[in-house]
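Worksheet for the structure shown next.
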2 protein chains.
Amino acid sequence: MRQAEGAAALALLDRELIDANSPSPLYFQLYTVLHDAIVKGVLPVGSRMPSEKDLADGFDVSRITARRTLVELAAKGLVVRHRGKGTFVSHADRPVPIVAPLGSNAESLGDLGRDTTLTVLSKRMAVPPPDLQTAFGLGAGTRVCQLVRVRSASGQPFAHYVSWTPKFSASMPKKEFEGASRLTLFERYGLRIARMERFLSAEGASPDVARALNVPSGKPLLKLVRFSYDAQGQLQDHLVARYNSDLFSYRVETKVGLD
Amino acid sequence: MRQAEGAAALALLDRELIDANSPSPLYFQLYTVLHDAIVKGVLPVGSRMPSEKDLADGFDVSRITARRTLVELAAKGLVVRHRGKGTFVSHADRPVPIVAPLGSNAESLGDLGRDTTLTVLSKRMAVPPPDLQTAFGLGAGTRVCQLVRVRSASGQPFAHYVSWTPKFSASMPKKEFEGASRLTLFERYGLRIARMERFLSAEGASPDVARALNVPSGKPLLKLVRFSYDAQGQLQDHLVARYNSDLFSYRVETKVGLD
DNA sequence: CACTATTTGTCCGTATGTATG
DNA sequence: TCATACATACGGACAAATAGT
(Lines give C-alpha, C1' and ligand atoms only; values in the text may rest on other atoms or scores of the structure.)
Protein backbone atom coordinates (compact mmCIF):
# COMPACT_ATOMS: atom_id res chain seq x y z
CA MET A 1 0.00 0.00 0.00
CA ARG A 2 2.73 2.45 -0.86
CA GLN A 3 0.44 4.73 -2.78
CA ALA A 4 -2.28 4.89 -0.14
CA GLU A 5 -1.02 8.04 1.53
CA GLY A 6 -0.75 9.97 -1.72
CA ALA A 7 -4.23 8.91 -2.78
CA ALA A 8 -5.52 9.96 0.64
CA ALA A 9 -3.88 13.35 0.12
CA LEU A 10 -5.84 13.62 -3.11
CA ALA A 11 -9.05 13.26 -1.15
CA LEU A 12 -8.20 16.46 0.73
CA LEU A 13 -8.27 18.38 -2.54
CA ASP A 14 -11.28 19.41 -4.54
CA ARG A 15 -11.50 18.13 -8.09
CA GLU A 16 -13.91 20.99 -8.79
CA LEU A 17 -11.10 23.50 -8.46
CA ILE A 18 -10.01 23.21 -12.08
CA ASP A 19 -11.74 24.62 -15.14
CA ALA A 20 -10.96 23.35 -18.64
CA ASN A 21 -12.69 26.40 -20.15
CA SER A 22 -10.55 28.93 -18.31
CA PRO A 23 -8.00 30.94 -20.31
CA SER A 24 -5.40 29.90 -17.74
CA PRO A 25 -3.51 26.71 -18.71
CA LEU A 26 -4.51 23.53 -16.89
CA TYR A 27 -1.00 22.83 -15.61
CA PHE A 28 -0.92 26.28 -14.01
CA GLN A 29 -4.35 25.94 -12.41
CA LEU A 30 -3.31 22.62 -10.94
CA TYR A 31 0.02 24.13 -9.88
CA THR A 32 -1.87 26.86 -8.02
CA VAL A 33 -4.13 24.34 -6.26
CA LEU A 34 -1.21 22.22 -5.07
CA HIS A 35 0.93 25.24 -4.22
CA ASP A 36 -1.81 26.70 -2.01
CA ALA A 37 -2.50 23.34 -0.37
CA ILE A 38 1.17 23.09 0.56
CA VAL A 39 1.67 26.64 1.88
CA LYS A 40 -1.61 26.46 3.79
CA GLY A 41 -0.52 23.19 5.39
CA VAL A 42 -3.30 21.04 3.95
CA LEU A 43 -0.51 18.87 2.57
CA PRO A 44 1.90 18.79 5.51
CA VAL A 45 5.68 18.93 5.20
CA GLY A 46 7.11 15.47 4.59
CA SER A 47 3.84 13.97 3.43
CA ARG A 48 3.51 12.10 0.19
CA MET A 49 2.00 13.96 -2.76
CA PRO A 50 -0.55 12.26 -5.02
CA SER A 51 1.21 10.44 -7.86
CA GLU A 52 1.07 11.65 -11.46
CA LYS A 53 -1.61 9.06 -12.12
CA ASP A 54 -3.59 10.05 -8.99
CA LEU A 55 -3.61 13.67 -10.11
CA ALA A 56 -4.42 12.80 -13.72
CA ASP A 57 -7.38 10.64 -12.67
CA GLY A 58 -8.51 12.88 -9.81
CA PHE A 59 -8.51 16.16 -11.74
CA ASP A 60 -9.39 14.66 -15.09
CA VAL A 61 -6.28 15.81 -16.95
CA SER A 62 -3.63 13.90 -18.87
CA ARG A 63 -0.62 12.44 -17.12
CA ILE A 64 1.67 14.89 -18.94
CA THR A 65 -0.24 17.83 -17.48
CA ALA A 66 -0.16 16.35 -13.98
CA ARG A 67 3.53 15.61 -14.43
CA ARG A 68 4.28 19.16 -15.49
CA THR A 69 2.76 20.64 -12.31
CA LEU A 70 4.81 18.31 -10.12
CA VAL A 71 7.97 19.18 -12.07
CA GLU A 72 7.31 22.88 -11.59
CA LEU A 73 6.61 22.43 -7.89
CA ALA A 74 9.94 20.58 -7.65
CA ALA A 75 11.68 23.40 -9.54
CA LYS A 76 10.33 25.86 -6.97
CA GLY A 77 11.60 23.65 -4.16
CA LEU A 78 8.18 22.93 -2.71
CA VAL A 79 8.44 19.18 -3.30
CA VAL A 80 11.18 16.65 -3.90
CA ARG A 81 10.79 13.77 -6.34
CA HIS A 82 12.47 10.36 -6.33
CA ARG A 83 12.07 7.90 -9.16
CA GLY A 84 10.31 4.79 -7.94
CA LYS A 85 9.46 6.35 -4.58
CA GLY A 86 7.20 9.30 -5.23
CA THR A 87 6.90 13.02 -4.62
CA PHE A 88 7.09 14.50 -1.12
CA VAL A 89 6.44 17.92 0.36
CA SER A 90 9.87 19.34 1.05
CA HIS A 91 11.17 20.45 4.44
CA ALA A 92 11.62 24.09 3.54
CA ASP A 93 11.45 26.83 6.13
CA ARG A 94 7.84 27.76 5.69
CA PRO A 95 7.19 31.09 7.39
CA VAL A 96 4.22 31.12 9.74
CA PRO A 97 1.53 33.32 8.18
CA ILE A 98 1.25 36.75 9.75
CA VAL A 99 -2.10 37.83 11.14
CA ALA A 100 -2.38 41.54 11.87
CA PRO A 101 -5.18 43.38 13.68
CA LEU A 102 -7.11 45.88 11.60
CA GLY A 103 -8.88 48.97 12.82
CA SER A 104 -7.02 49.38 16.06
CA ASN A 105 -5.22 52.70 16.36
CA ALA A 106 -1.83 51.10 16.57
CA GLU A 107 -2.11 48.96 13.48
CA SER A 108 1.46 49.55 12.55
CA LEU A 109 3.14 46.26 11.87
CA GLY A 110 6.11 47.42 13.87
CA ASP A 111 4.10 46.58 16.99
CA LEU A 112 3.55 43.02 15.98
CA GLY A 113 6.39 41.47 17.89
CA ARG A 114 7.55 39.87 14.66
CA ASP A 115 10.89 40.58 13.10
CA THR A 116 9.73 42.28 9.94
CA THR A 117 12.03 44.46 7.88
CA LEU A 118 11.16 47.36 5.63
CA THR A 119 13.04 48.02 2.39
CA VAL A 120 12.72 51.17 0.33
CA LEU A 121 12.62 50.23 -3.36
CA SER A 122 12.41 53.81 -4.55
CA LYS A 123 11.97 57.35 -3.27
CA ARG A 124 11.35 60.13 -5.74
CA MET A 125 9.51 63.36 -6.36
CA ALA A 126 6.88 62.76 -9.03
CA VAL A 127 3.54 63.99 -10.28
CA PRO A 128 0.75 61.86 -8.76
CA PRO A 129 -2.11 60.52 -10.92
CA PRO A 130 -4.98 62.99 -11.59
CA ASP A 131 -7.38 61.57 -8.99
CA LEU A 132 -4.76 61.97 -6.26
CA GLN A 133 -3.90 65.51 -7.39
CA THR A 134 -7.46 66.56 -6.74
CA ALA A 135 -7.66 64.55 -3.50
CA PHE A 136 -4.58 66.40 -2.23
CA GLY A 137 -5.89 69.67 -3.62
CA LEU A 138 -2.73 70.30 -5.61
CA GLY A 139 -2.03 72.03 -8.91
CA ALA A 140 -1.61 69.99 -12.05
CA GLY A 141 2.18 69.85 -12.20
CA THR A 142 3.05 69.68 -8.49
CA ARG A 143 5.57 67.01 -7.57
CA VAL A 144 5.03 64.92 -4.47
CA CYS A 145 7.24 62.49 -2.57
CA GLN A 146 6.45 58.93 -3.66
CA LEU A 147 7.77 55.96 -1.73
CA VAL A 148 7.72 52.34 -2.88
CA ARG A 149 8.52 49.93 -0.08
CA VAL A 150 8.43 46.22 0.66
CA ARG A 151 8.00 44.53 4.04
CA SER A 152 9.52 41.12 4.65
CA ALA A 153 9.41 38.55 7.41
CA SER A 154 12.31 36.12 7.68
CA GLY A 155 13.50 37.12 4.25
CA GLN A 156 10.14 36.56 2.55
CA PRO A 157 8.52 39.74 1.22
CA PHE A 158 4.81 39.80 2.02
CA ALA A 159 3.68 43.43 1.61
CA HIS A 160 4.20 46.06 -1.09
CA TYR A 161 3.47 49.73 -0.35
CA VAL A 162 3.14 52.70 -2.67
CA SER A 163 2.64 55.96 -0.79
CA TRP A 164 2.35 59.65 -1.65
CA THR A 165 3.10 62.25 1.04
CA PRO A 166 3.22 65.96 0.08
CA LYS A 167 4.82 66.97 3.40
CA PHE A 168 7.82 64.76 2.80
CA SER A 169 10.58 66.58 0.99
CA ALA A 170 13.19 65.71 -1.60
CA SER A 171 15.99 66.27 0.89
CA MET A 172 14.94 63.50 3.27
CA PRO A 173 17.41 60.64 3.01
CA LYS A 174 16.13 57.28 1.79
CA LYS A 175 17.73 55.62 4.79
CA GLU A 176 15.47 57.45 7.19
CA PHE A 177 12.51 55.37 6.00
CA GLU A 178 14.14 52.01 6.50
CA GLY A 179 14.32 52.02 10.25
CA ALA A 180 11.65 54.19 11.79
CA SER A 181 7.99 53.26 11.70
CA ARG A 182 5.68 55.38 9.64
CA LEU A 183 3.86 56.88 12.62
CA THR A 184 7.04 58.12 14.28
CA LEU A 185 8.11 59.62 10.94
CA PHE A 186 4.80 61.43 10.70
CA GLU A 187 5.42 62.91 14.14
CA ARG A 188 8.99 63.88 13.38
CA TYR A 189 7.93 65.85 10.31
CA GLY A 190 5.01 67.56 11.98
CA LEU A 191 2.28 65.49 10.37
CA ARG A 192 -0.71 65.04 12.67
CA ILE A 193 -3.14 62.41 11.48
CA ALA A 194 -6.63 62.71 12.97
CA ARG A 195 -8.61 60.33 10.83
CA MET A 196 -7.82 57.40 8.60
CA GLU A 197 -10.00 55.74 6.02
CA ARG A 198 -9.16 52.30 4.64
CA PHE A 199 -10.67 50.39 1.74
CA LEU A 200 -10.16 46.67 1.36
CA SER A 201 -10.42 44.76 -1.89
CA ALA A 202 -8.56 42.22 -4.02
CA GLU A 203 -6.39 42.59 -7.10
CA GLY A 204 -4.21 40.45 -9.33
CA ALA A 205 -0.49 41.08 -9.01
CA SER A 206 0.87 43.34 -11.76
CA PRO A 207 4.31 42.34 -13.11
CA ASP A 208 6.25 44.87 -11.02
CA VAL A 209 4.45 44.02 -7.77
CA ALA A 210 4.78 40.33 -8.60
CA ARG A 211 8.54 40.74 -8.95
CA ALA A 212 8.80 42.61 -5.65
CA LEU A 213 6.72 40.04 -3.75
CA ASN A 214 8.26 37.05 -5.52
CA VAL A 215 4.92 35.64 -6.70
CA PRO A 216 3.59 34.82 -10.18
CA SER A 217 2.02 37.82 -11.86
CA GLY A 218 -1.76 37.71 -11.69
CA LYS A 219 -1.75 36.06 -8.27
CA PRO A 220 -4.66 37.35 -6.15
CA LEU A 221 -3.48 39.84 -3.55
CA LEU A 222 -5.25 41.55 -0.67
CA LYS A 223 -5.34 45.28 -1.44
CA LEU A 224 -5.69 48.07 1.10
CA VAL A 225 -6.02 51.74 0.18
CA ARG A 226 -5.57 54.17 3.05
CA PHE A 227 -6.31 57.88 3.21
CA SER A 228 -4.85 59.77 6.19
CA TYR A 229 -6.34 63.16 7.07
CA ASP A 230 -5.31 65.81 9.58
CA ALA A 231 -7.72 67.56 11.97
CA GLN A 232 -8.66 70.08 9.25
CA GLY A 233 -9.78 67.27 6.95
CA GLN A 234 -6.82 67.80 4.64
CA LEU A 235 -5.44 64.63 3.03
CA GLN A 236 -1.87 64.23 4.22
CA ASP A 237 -0.91 60.75 3.09
CA HIS A 238 -2.12 58.19 0.59
CA LEU A 239 -1.07 54.56 0.72
CA VAL A 240 -1.81 51.51 -1.43
CA ALA A 241 -0.74 48.27 0.23
CA ARG A 242 -0.79 44.87 -1.48
CA TYR A 243 -0.39 41.71 0.57
CA ASN A 244 0.56 38.18 -0.41
CA SER A 245 -2.43 36.40 1.10
CA ASP A 246 -0.47 33.18 1.54
CA LEU A 247 1.70 34.96 4.09
CA PHE A 248 -0.55 37.62 5.53
CA SER A 249 -4.14 38.28 6.55
CA TYR A 250 -6.03 40.87 8.53
CA ARG A 251 -8.00 40.01 11.63
CA VAL A 252 -10.97 41.90 13.05
CA GLU A 253 -12.50 41.07 16.40
CA THR A 254 -15.91 42.33 17.42
CA LYS A 255 -17.62 42.03 20.74
CA VAL A 256 -21.35 42.06 20.35
CA GLY A 257 -22.77 44.09 23.19
CA LEU A 258 -26.24 42.61 23.16
CA ASP A 259 -28.68 41.12 20.72
CA MET B 1 -7.47 64.30 -35.31
CA ARG B 2 -9.88 61.44 -35.17
CA GLN B 3 -7.58 59.14 -33.32
CA ALA B 4 -6.51 61.60 -30.62
CA GLU B 5 -9.10 60.61 -28.02
CA GLY B 6 -8.32 56.91 -28.23
CA ALA B 7 -4.59 57.50 -28.06
CA ALA B 8 -5.14 59.73 -25.02
CA ALA B 9 -7.11 56.93 -23.38
CA LEU B 10 -4.07 54.71 -23.91
CA ALA B 11 -1.98 57.14 -21.86
CA LEU B 12 -4.24 56.45 -18.87
CA LEU B 13 -3.21 52.81 -18.96
CA ASP B 14 0.05 51.31 -17.87
CA ARG B 15 2.02 49.38 -20.45
CA GLU B 16 3.83 47.68 -17.57
CA LEU B 17 0.69 45.81 -16.62
CA ILE B 18 1.30 42.97 -19.06
CA ASP B 19 3.78 40.15 -18.71
CA ALA B 20 4.84 38.10 -21.73
CA ASN B 21 6.34 35.44 -19.45
CA SER B 22 3.16 34.81 -17.51
CA PRO B 23 1.32 31.51 -18.06
CA SER B 24 -1.83 33.56 -18.59
CA PRO B 25 -2.48 34.35 -22.28
CA LEU B 26 -1.61 37.87 -23.42
CA TYR B 27 -5.09 38.56 -24.79
CA PHE B 28 -6.59 37.70 -21.39
CA GLN B 29 -4.14 39.87 -19.45
CA LEU B 30 -4.95 42.78 -21.74
CA TYR B 31 -8.65 41.96 -21.46
CA THR B 32 -8.39 42.19 -17.68
CA VAL B 33 -6.60 45.55 -17.84
CA LEU B 34 -9.22 47.08 -20.14
CA HIS B 35 -12.13 45.45 -18.31
CA ASP B 36 -10.98 46.91 -14.98
CA ALA B 37 -10.34 50.33 -16.51
CA ILE B 38 -13.92 50.36 -17.81
CA VAL B 39 -15.68 49.15 -14.67
CA LYS B 40 -13.59 51.51 -12.51
CA GLY B 41 -14.53 54.43 -14.73
CA VAL B 42 -10.98 55.21 -15.90
CA LEU B 43 -12.37 54.82 -19.41
CA PRO B 44 -15.72 56.60 -19.12
CA VAL B 45 -18.92 55.43 -20.76
CA GLY B 46 -19.17 56.70 -24.32
CA SER B 47 -15.48 57.45 -24.67
CA ARG B 48 -13.40 56.10 -27.52
CA MET B 49 -11.22 53.10 -26.79
CA PRO B 50 -7.64 52.91 -28.10
CA SER B 51 -7.66 51.41 -31.60
CA GLU B 52 -6.32 47.94 -32.30
CA LYS B 53 -3.10 49.54 -33.53
CA ASP B 54 -2.84 51.80 -30.47
CA LEU B 55 -3.12 48.81 -28.18
CA ALA B 56 -0.72 46.71 -30.25
CA ASP B 57 1.93 49.47 -30.22
CA GLY B 58 1.27 50.60 -26.65
CA PHE B 59 1.37 47.15 -25.05
CA ASP B 60 3.85 45.64 -27.45
CA VAL B 61 1.61 42.84 -28.72
CA SER B 62 0.45 41.91 -32.21
CA ARG B 63 -2.65 43.42 -33.72
CA ILE B 64 -4.32 39.98 -33.59
CA THR B 65 -3.90 39.91 -29.81
CA ALA B 66 -5.11 43.48 -29.34
CA ARG B 67 -8.01 42.72 -31.65
CA ARG B 68 -9.02 39.64 -29.70
CA THR B 69 -9.30 41.55 -26.42
CA LEU B 70 -11.54 44.17 -28.05
CA VAL B 71 -13.67 41.45 -29.65
CA GLU B 72 -14.11 39.74 -26.28
CA LEU B 73 -14.98 43.02 -24.57
CA ALA B 74 -17.60 43.56 -27.30
CA ALA B 75 -18.94 40.04 -26.77
CA LYS B 76 -19.38 40.88 -23.07
CA GLY B 77 -21.23 44.06 -24.00
CA LEU B 78 -18.67 46.40 -22.44
CA VAL B 79 -17.83 48.09 -25.75
CA VAL B 80 -19.39 48.52 -29.18
CA ARG B 81 -17.38 48.47 -32.38
CA HIS B 82 -17.97 50.10 -35.78
CA ARG B 83 -15.82 49.53 -38.81
CA GLY B 84 -14.11 52.74 -39.89
CA LYS B 85 -15.20 54.55 -36.72
CA GLY B 86 -13.67 52.79 -33.78
CA THR B 87 -14.50 51.09 -30.48
CA PHE B 88 -16.49 52.87 -27.78
CA VAL B 89 -17.31 52.13 -24.15
CA SER B 90 -20.92 51.01 -24.17
CA HIS B 91 -23.76 52.68 -22.29
CA ALA B 92 -24.57 49.74 -20.07
CA ASP B 93 -26.12 50.15 -16.65
CA ARG B 94 -22.99 49.90 -14.60
CA PRO B 95 -23.89 49.25 -10.95
CA VAL B 96 -22.34 51.67 -8.49
CA PRO B 97 -19.80 49.74 -6.41
CA ILE B 98 -20.97 48.93 -2.91
CA VAL B 99 -18.86 50.06 0.02
CA ALA B 100 -19.75 48.43 3.33
CA PRO B 101 -18.46 49.33 6.78
CA LEU B 102 -16.43 46.65 8.51
CA GLY B 103 -16.10 46.14 12.22
CA SER B 104 -19.23 47.93 13.29
CA ASN B 105 -21.63 45.76 15.23
CA ALA B 106 -24.36 46.14 12.67
CA GLU B 107 -22.32 45.12 9.68
CA SER B 108 -25.18 43.21 8.17
CA LEU B 109 -25.63 44.27 4.59
CA GLY B 110 -29.35 44.44 5.18
CA ASP B 111 -28.77 47.77 6.91
CA LEU B 112 -27.04 49.32 3.93
CA GLY B 113 -30.02 51.08 2.47
CA ARG B 114 -29.32 49.34 -0.82
CA ASP B 115 -31.73 46.96 -2.46
CA THR B 116 -29.72 43.79 -2.19
CA THR B 117 -31.30 40.38 -2.50
CA LEU B 118 -30.20 37.11 -1.02
CA THR B 119 -30.60 33.81 -2.88
CA VAL B 120 -30.10 30.38 -1.34
CA LEU B 121 -28.22 28.17 -3.79
CA SER B 122 -28.30 25.12 -1.55
CA LYS B 123 -29.24 24.03 1.95
CA ARG B 124 -28.21 20.61 3.14
CA MET B 125 -27.03 18.59 6.10
CA ALA B 126 -23.45 17.50 5.49
CA VAL B 127 -20.25 16.56 7.25
CA PRO B 128 -18.01 19.64 7.57
CA PRO B 129 -14.28 19.47 6.73
CA PRO B 130 -12.02 18.12 9.50
CA ASP B 131 -10.72 21.51 10.70
CA LEU B 132 -14.27 22.74 11.20
CA GLN B 133 -15.31 19.55 12.98
CA THR B 134 -12.69 20.20 15.63
CA ALA B 135 -13.49 23.94 15.76
CA PHE B 136 -17.13 23.08 16.47
CA GLY B 137 -16.09 20.31 18.85
CA LEU B 138 -18.14 17.71 17.01
CA GLY B 139 -17.71 13.99 16.44
CA ALA B 140 -16.26 12.76 13.19
CA GLY B 141 -19.47 11.88 11.39
CA THR B 142 -21.82 14.58 12.68
CA ARG B 143 -23.85 16.32 10.02
CA VAL B 144 -24.26 20.09 10.14
CA CYS B 145 -26.49 22.50 8.25
CA GLN B 146 -24.58 24.03 5.35
CA LEU B 147 -25.92 27.01 3.43
CA VAL B 148 -24.60 28.34 0.13
CA ARG B 149 -25.99 31.76 -0.70
CA VAL B 150 -25.42 34.62 -3.12
CA ARG B 151 -26.15 38.31 -2.59
CA SER B 152 -27.00 40.51 -5.56
CA ALA B 153 -27.52 44.22 -6.13
CA SER B 154 -29.65 45.26 -9.10
CA GLY B 155 -29.44 41.75 -10.50
CA GLN B 156 -25.64 41.57 -10.32
CA PRO B 157 -24.34 38.98 -7.83
CA PHE B 158 -21.42 40.38 -5.83
CA ALA B 159 -21.06 38.11 -2.78
CA HIS B 160 -20.93 34.33 -2.29
CA TYR B 161 -21.41 32.82 1.17
CA VAL B 162 -20.76 29.31 2.47
CA SER B 163 -21.83 28.89 6.08
CA TRP B 164 -22.00 26.07 8.63
CA THR B 165 -24.38 26.36 11.59
CA PRO B 166 -24.88 23.33 13.91
CA LYS B 167 -27.93 24.87 15.62
CA PHE B 168 -29.83 25.09 12.35
CA SER B 169 -31.83 21.96 11.67
CA ALA B 170 -32.80 19.95 8.63
CA SER B 171 -36.45 20.87 9.09
CA MET B 172 -35.98 24.60 8.55
CA PRO B 173 -37.40 25.59 5.19
CA LYS B 174 -35.04 27.01 2.58
CA LYS B 175 -37.36 29.94 2.06
CA GLU B 176 -36.83 31.17 5.59
CA PHE B 177 -33.28 32.19 4.72
CA GLU B 178 -34.19 34.26 1.68
CA GLY B 179 -35.97 37.10 3.44
CA ALA B 180 -34.80 37.55 6.99
CA SER B 181 -31.35 38.85 7.82
CA ARG B 182 -28.89 36.52 9.42
CA LEU B 183 -28.91 38.27 12.77
CA THR B 184 -32.67 38.06 13.16
CA LEU B 185 -32.50 34.37 12.23
CA PHE B 186 -29.87 33.81 14.90
CA GLU B 187 -32.22 35.40 17.43
CA ARG B 188 -35.23 33.40 16.29
CA TYR B 189 -33.40 30.13 16.75
CA GLY B 190 -31.93 31.00 20.11
CA LEU B 191 -28.41 31.68 18.91
CA ARG B 192 -26.70 34.36 20.96
CA ILE B 193 -23.47 35.60 19.41
CA ALA B 194 -21.16 37.36 21.87
CA ARG B 195 -17.97 37.62 19.84
CA MET B 196 -17.05 37.50 16.19
CA GLU B 197 -13.67 37.04 14.61
CA ARG B 198 -13.07 37.89 10.96
CA PHE B 199 -10.09 37.17 8.75
CA LEU B 200 -9.55 39.01 5.50
CA SER B 201 -7.50 37.76 2.58
CA ALA B 202 -7.66 37.26 -1.18
CA GLU B 203 -8.31 34.21 -3.33
CA GLY B 204 -8.78 33.33 -6.97
CA ALA B 205 -12.33 32.37 -7.94
CA SER B 206 -12.84 28.61 -8.12
CA PRO B 207 -15.05 27.45 -11.01
CA ASP B 208 -18.20 27.05 -8.89
CA VAL B 209 -17.84 30.44 -7.20
CA ALA B 210 -16.96 31.99 -10.57
CA ARG B 211 -20.20 30.64 -12.02
CA ALA B 212 -22.24 31.95 -9.11
CA LEU B 213 -20.68 35.43 -9.26
CA ASN B 214 -20.60 35.56 -13.05
CA VAL B 215 -16.87 36.25 -13.28
CA PRO B 216 -14.02 34.38 -15.01
CA SER B 217 -12.59 31.62 -12.86
CA GLY B 218 -9.33 32.64 -11.27
CA LYS B 219 -10.43 36.26 -10.86
CA PRO B 220 -9.07 37.74 -7.61
CA LEU B 221 -11.78 37.94 -4.95
CA LEU B 222 -11.84 39.49 -1.49
CA LYS B 223 -12.25 36.66 1.02
CA LEU B 224 -13.66 36.99 4.53
CA VAL B 225 -13.77 34.12 7.03
CA ARG B 226 -15.95 34.74 10.07
CA PHE B 227 -16.15 32.77 13.30
CA SER B 228 -19.12 33.56 15.57
CA TYR B 229 -18.93 32.51 19.23
CA ASP B 230 -21.48 32.58 22.03
CA ALA B 231 -20.78 33.88 25.54
CA GLN B 232 -19.34 30.50 26.55
CA GLY B 233 -16.76 30.71 23.78
CA GLN B 234 -18.47 27.96 21.82
CA LEU B 235 -18.27 28.35 18.03
CA GLN B 236 -21.84 28.69 16.76
CA ASP B 237 -21.43 29.71 13.16
CA HIS B 238 -18.75 29.64 10.50
CA LEU B 239 -18.94 31.70 7.34
CA VAL B 240 -16.71 32.08 4.29
CA ALA B 241 -17.66 35.08 2.14
CA ARG B 242 -16.13 35.85 -1.24
CA TYR B 243 -16.68 39.27 -2.85
CA ASN B 244 -16.30 40.46 -6.43
CA SER B 245 -13.94 43.36 -5.79
CA ASP B 246 -15.15 45.23 -8.87
CA LEU B 247 -18.54 45.60 -7.19
CA PHE B 248 -17.77 45.56 -3.50
CA SER B 249 -15.20 46.73 -0.98
CA TYR B 250 -14.96 47.09 2.76
CA ARG B 251 -14.36 50.42 4.43
CA VAL B 252 -12.79 51.01 7.82
CA GLU B 253 -12.71 54.40 9.45
CA THR B 254 -10.43 55.16 12.37
CA LYS B 255 -10.30 58.28 14.47
CA VAL B 256 -6.86 58.76 15.92
CA GLY B 257 -7.30 60.07 19.45
CA LEU B 258 -3.92 61.68 19.79
CA ASP B 259 -0.40 61.20 18.56
C1' DC C 1 -16.03 64.65 -56.65
C1' DA C 2 -11.70 62.13 -55.81
C1' DC C 3 -7.91 61.34 -52.48
C1' DT C 4 -6.09 59.97 -48.16
C1' DA C 5 -5.71 58.43 -43.47
C1' DT C 6 -7.79 55.68 -40.02
C1' DT C 7 -10.16 51.84 -38.34
C1' DT C 8 -12.33 47.49 -38.28
C1' DG C 9 -13.14 42.94 -40.77
C1' DT C 10 -11.17 38.92 -43.05
C1' DC C 11 -7.67 36.01 -44.80
C1' DC C 12 -3.05 33.70 -45.22
C1' DG C 13 1.07 31.28 -43.51
C1' DT C 14 3.93 30.10 -39.72
C1' DA C 15 5.90 29.33 -35.12
C1' DT C 16 5.28 28.07 -30.43
C1' DG C 17 2.77 26.40 -26.40
C1' DT C 18 -0.63 23.44 -24.42
C1' DA C 19 -2.91 19.02 -24.00
C1' DT C 20 -4.26 14.54 -25.40
C1' DG C 21 -3.68 9.36 -26.11
C1' DT D 1 9.07 9.39 -26.50
C1' DC D 2 6.04 10.00 -30.51
C1' DA D 3 2.24 11.63 -33.25
C1' DT D 4 -1.57 14.61 -33.28
C1' DA D 5 -4.88 18.35 -32.35
C1' DC D 6 -5.90 22.74 -30.85
C1' DA D 7 -5.01 27.42 -28.92
C1' DT D 8 -2.09 31.27 -28.81
C1' DA D 9 0.66 34.72 -31.07
C1' DC D 10 3.06 36.70 -34.76
C1' DG D 11 3.65 39.36 -39.33
C1' DG D 12 1.74 40.56 -43.44
C1' DA D 13 -1.90 41.63 -46.90
C1' DC D 14 -6.20 43.29 -48.58
C1' DA D 15 -11.11 44.80 -48.37
C1' DA D 16 -14.80 47.75 -46.58
C1' DA D 17 -16.67 51.59 -43.90
C1' DT D 18 -15.84 56.23 -42.14
C1' DA D 19 -14.28 60.90 -41.84
C1' DG D 20 -11.59 64.80 -43.10
C1' DT D 21 -9.16 67.40 -46.91
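The values are calculated or read from the model by the stated rules, or taken from the named source; none is laboratory data. These numbers were taken from a predicted model, which means no experiment stands behind them. With ideal geometry, Cβ positions are generated from the backbone for all residues, glycine too; neighbour counts draw on all protein chains shown.
With respect to being surrounded by fewer than 22 Cβ atoms within 10 Å (Cβ to Cβ) and modelled with pLDDT of 95 or more, B:Glu203 fits the description.
Across the range A:228-250, not a single residue is classified as in a strand (DSSP E or B), surrounded by fewer than 17 Cβ atoms within 10 Å (Cβ to Cβ) and within 9 Å of another protein chain (Cβ to nearest Cβ). Of the helices (runs of 4 or more DSSP H) contained entirely in the range B:1-87, those carrying at least 3 residues that are more than 9 Å from DNA strand D (Cβ to nearest atom) and within 30 Å of A:Ala212 (Cα to Cα) fall at B:4-11, B:26-39, B:52-59. Here B:Val96 clears all of (1) within 27 Å of A:Asn214 (Cβ to Cβ); (2) at pLDDT below 95; (3) assigned to a loop (DSSP other than H, G, I, E, B) except the condition numbered (1). Looking only at the range B:186-211, residues that are more than 24 Å from A:Ala159 (Cα to Cα), within 17 Å of the chain's Cα centre (by Cα) and more than 8 Å from every other protein chain (Cβ to nearest Cβ) come to 2 in all.
Only one entry of A:Ala153, A:Ala140, A:Ala170 meets the criterion of being farther than 16 Å from A:Val240 by Cβ, in contact with a helix residue (DSSP H, G or I) (Cβ under 7 Å, 6 or more places away or on another chain) and of a type outside the set (Val, Ile, Thr), and that entry is A:Ala140.
Conditions tested, residue by residue: (1) on the phi > 0 side of the Ramachandran plot; (2) touching a residue at least 40 places away in the same chain (Cβ under 8 Å); (3) in a strand (DSSP E or B).
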site: B:Arg124; (1), (2), (3): no, no, yes
site: B:Thr134; (1), (2), (3): no, no, no
site: B:Ala140; (1), (2), (3): no, no, no
site: B:His160; (1), (2), (3): no, yes, yes
site: B:Ser163; (1), (2), (3): no, yes, yes
site: B:Ser169; (1), (2), (3): no, no, no
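Condition check: more than 8 Å from chain B (Cβ to nearest Cβ), within 24 Å of A:Ile98 (Cβ to Cβ) and hydroxyl-bearing (Ser, Thr, Tyr). Does A:Ser217 satisfy that? So A:Ser217 fails the test.
Count of the range B:52-77 residues, restricted to those that are within 7 Å of DNA strand C (Cβ to nearest atom), surrounded by 16 or more Cβ atoms within 10 Å (Cβ to Cβ) and over 28 Å from the mean Cα position of the chain (by Cα), is 2. Taking the numbered list (1) at pLDDT 90 or above; (2) surrounded by 18 or more Cβ atoms within 10 Å (Cβ to Cβ); (3) among the charged types (D, E, K, R); (4) over 18 Å from B:Met125 (Cα atoms) in turn, B:Glu197 passes all entries but (2).
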